[in-house]
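Below is one structure, written out as structure tokens; the observations come after it.
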Amino acid sequence: MSEFSNHLTIKDIAKLSGVSKSTVSRVINHDPMVKETTRNKVMAIIEQYQFTPSKSARAMRGYGNKVIGIVVTRLDSMSENQAVRAMLPILYQYGYDPIIIESQFSVDKVEEHLTMLKEKQADGVIIFAFTGLEPSLLSFWKSKSVIMARSYPDFTCVCYDDIGAVTTLLEYLHQSKHHQKIGFIGIEQHDQTTGALRYQAYMDYCQQNQISPNAYLGNLSYRSGYELAQSILSLSPTAIVCATDAIALGLNKYLQQNQLEHIVVASIGNSELLNFLFPNTLTVELGFDKAGTYAAKELLSMLQNTTLAKTITVPSTLIFNE
Ligand SMILES: O=P(O)(O)OC[C@H]1O[C@H](O[C@H]2O[C@H](CO)[C@@H](O)[C@H](O)[C@H]2O)[C@H](O)[C@@H](O)[C@@H]1O
């Protein structure tokens, strides 16, 4: 709406809506106490004039920029994307602006990002943690952070059921489908969760059920699954459990190229991409979206009241894609 609308202030919106300035600011800041009829009236004017409160105006008036930093490890991670996608609508609903930044598993980068977020006076952070990221680095944020994918004492953390997911797949393949030769392609054990926990769960199950282990470990890439395929096939497995969907995509590609699709592939993740390309893959869902929802809600409740630190482990579920 013309040049005029770009210069509108909260005072103008208040006048046009027939409410006070403070009511307009409460609508802008998603105050749940504002009556729905008032909110609708103000929002109609805001939309009509395409009014955007400037951040400096909000800050000067003491509303502050409500900012949450989200530090992901990889912008191209399917699992982290799913979790972040679940967080965003909740943060928006409560008037927070998310700042999404990537650490690439670098402790230095996390430190740099957290310093920037501190300088910007971010209200809170959600950090996708990884092996080597020490809790001491996060101490400033203890009461206003949620840590994803790893558990740290005295912090609020959202974790995945790494051991349960592997065990569920093995039980199904071994007990229900009677596979005896089950291989495993995982992640190197310096990665303590996706790597060591999932590999250890496989080894434990093999030991408890007299299965000869056949395991190869690599990294989180599709290529790793593809490249380890040939080695694992040397012991002629009838089923192969993959620690992640990316590994399963690589393995499935190899099996398809070599017409070995009779080998059952099982995976942990249940991503849309894997389901679309290789719908026969047996999957366990870790609940990345649920984890994102828990994280956003926990952080918001921490920011509103003092809550005790807790670790939430999202339960895993076996999915039957018929
Ligand atoms: O290929 P992806 O979709 O990215 O899924 C692979 C695994 O990613 C996550 O684990 C990795 O990142 C974590 C931080 O988000 C880190 O703590 C962990 O060490 C990495 O392996 C996710 O937590 C796993 O469940 C996914 O399987």
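Would you mind stating whether Phe276 is open to solvent by 70 Å² or more (accessible area, probe 1.4 Å) and either in contact with a His (Cβ under 7 Å, 6 or more places away or on another chain) or not hydroxyl-bearing (Ser, Thr, Tyr) (or both)?
yes
Of the residues making up the stretch 280-322, those that are modelled with pLDDT under 95, open to solvent by less than 80 Å² (accessible area, probe 1.4 Å) and of a type in the set (S, T, N, Q) number 3.
Table: residues versus (1) free of Cβ contacts under 8 Å to residues at least 40 places away in the same chain; (2) of a type outside the set (Ser, Thr, Tyr); (3) closer than 16 Å to Gly186 by Cβ.
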site: Arg223; (1), (2), (3): yes, yes, yes
site: Ser236; (1), (2), (3): no, no, no
site: Ala239; (1), (2), (3): no, yes, yes
site: Thr244; (1), (2), (3): no, no, yes
site: Gln259; (1), (2), (3): yes, yes, no
site: Asn275; (1), (2), (3): no, yes, no
site: Phe288; (1), (2), (3): no, yes, no
site: Gly292; (1), (2), (3): no, yes, no
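Of all residues in the stretch 166-204, those being buried (at least 21 other Cβ atoms within 10 Å of the Cβ), within 16 Å of the ligand (Cβ to nearest atom) and of a type in the set (Gly, Ala, Ser) number 3. Within the stretch 122-138, can one find any residue that is outside the structural domain of Met302 (by TED's automatic domain parsing), surrounded by fewer than 22 Cβ atoms within 10 Å (Cβ to Cβ) and among the aliphatic types (A, V, I, L, M)? There is no residue in the stretch 122-138 that is outside the structural domain of Met302 (by TED's automatic domain parsing), surrounded by fewer than 22 Cβ atoms within 10 Å (Cβ to Cβ) and among the aliphatic types (A, V, I, L, M). Kindly indicate whether Ala295 is near the ligand (Cβ under 10 Å from one of its atoms), under 30 Å from Leu88 (Cα atoms) and among the aliphatic types (A, V, I, L, M). Considered against the rule, which asks whether it is near the ligand (Cβ under 10 Å from one of its atoms), under 30 Å from Leu88 (Cα atoms) and among the aliphatic types (A, V, I, L, M), Ala295 comes out as no. Look at Ser151 and say whether it is open to solvent by 10 Å² or more (accessible area, probe 1.4 Å), closer than 19 Å to Lys310 by Cα and small (Gly, Ala, Ser). Considered against the rule, which asks whether it is open to solvent by 10 Å² or more (accessible area, probe 1.4 Å), closer than 19 Å to Lys310 by Cα and small (Gly, Ala, Ser), Ser151 comes out as yes. Restricting the first member to the stretch 150-172 and to residues that are of a type in the set (Asp, Glu), and the second to residues that are crowded, with 18+ Cβ neighbours inside 10 Å, the beta-carbon pairs closer than 6 Å and six or more apart or on different chains are Asp161/Ser316; Asp162/Thr193; Asp162/Leu197; Asp162/Arg198. Which ones in the stretch 24-46 are open to solvent by less than 50 Å² (accessible area, probe 1.4 Å) and either polar (S, T, N, Q) or in contact (Cβ under 8 Å) with a residue 60 or more places away in the chain (or both)? Within the stretch 24-46, Ser25, Ile28, Asn29, Thr38 meet the criteria. Of the residues contained in the stretch 49-56, one or more are found to be more than 16 Å from the ligand (Cβ to nearest atom) and modelled with pLDDT of 80 or more. Residues of the stretch 242-264 that are over 16 Å from Arg223 (Cα atoms) and either open to solvent by less than 30 Å² (accessible area, probe 1.4 Å) or among the charged types (D, E, K, R) (or both): Glu261, Ile263. Could you run through the stretch 66-114 and say how many residues are open to solvent by 60 Å² or more (accessible area, probe 1.4 Å) and either away from the ligand (no atom under 15 Å from the Cβ) or under 17 Å from Gly124 (Cβ atoms) (or both)? Total meeting the criteria: 8. Criterion applied to Leu228, Leu233 was being under 27 Å from Asp76 (Cα atoms), buried (at least 18 other Cβ atoms within 10 Å of the Cβ) and more than 13 Å from the ligand (Cβ to nearest atom), and the one residue passing it is Leu228. Does Ala266 fit the bill of being away from the ligand (no atom under 11 Å from the Cβ), in contact with a Cys (Cβ under 8 Å, 6 or more places away or on another chain) and under 24 Å from Tyr205 (Cα atoms)? Yes; evaluated as a whole, the condition is true for this residue.
Among the residues that make up the stretch 145-153, is at least one of them of a type in the set (A, V, I, L, M, F, W, C) and away from the ligand (no atom under 16 Å from the Cβ)? No: zero hits.
The values are calculated or read from the model by the stated rules, or taken from the named source; none is laboratory data. This one's a predicted model, so the numbers in the text were calculated from it and none came from an experiment. We place every Cβ from the backbone using ideal geometry, glycine too, and count neighbours over all the protein chains shown. Only protein heavy atoms, including side chains, enter the accessible area calculation; ligands, DNA and RNA are left aside. Shrake-Rupley method; radii C 1.70, N 1.55, O 1.52, S 1.80 Å.
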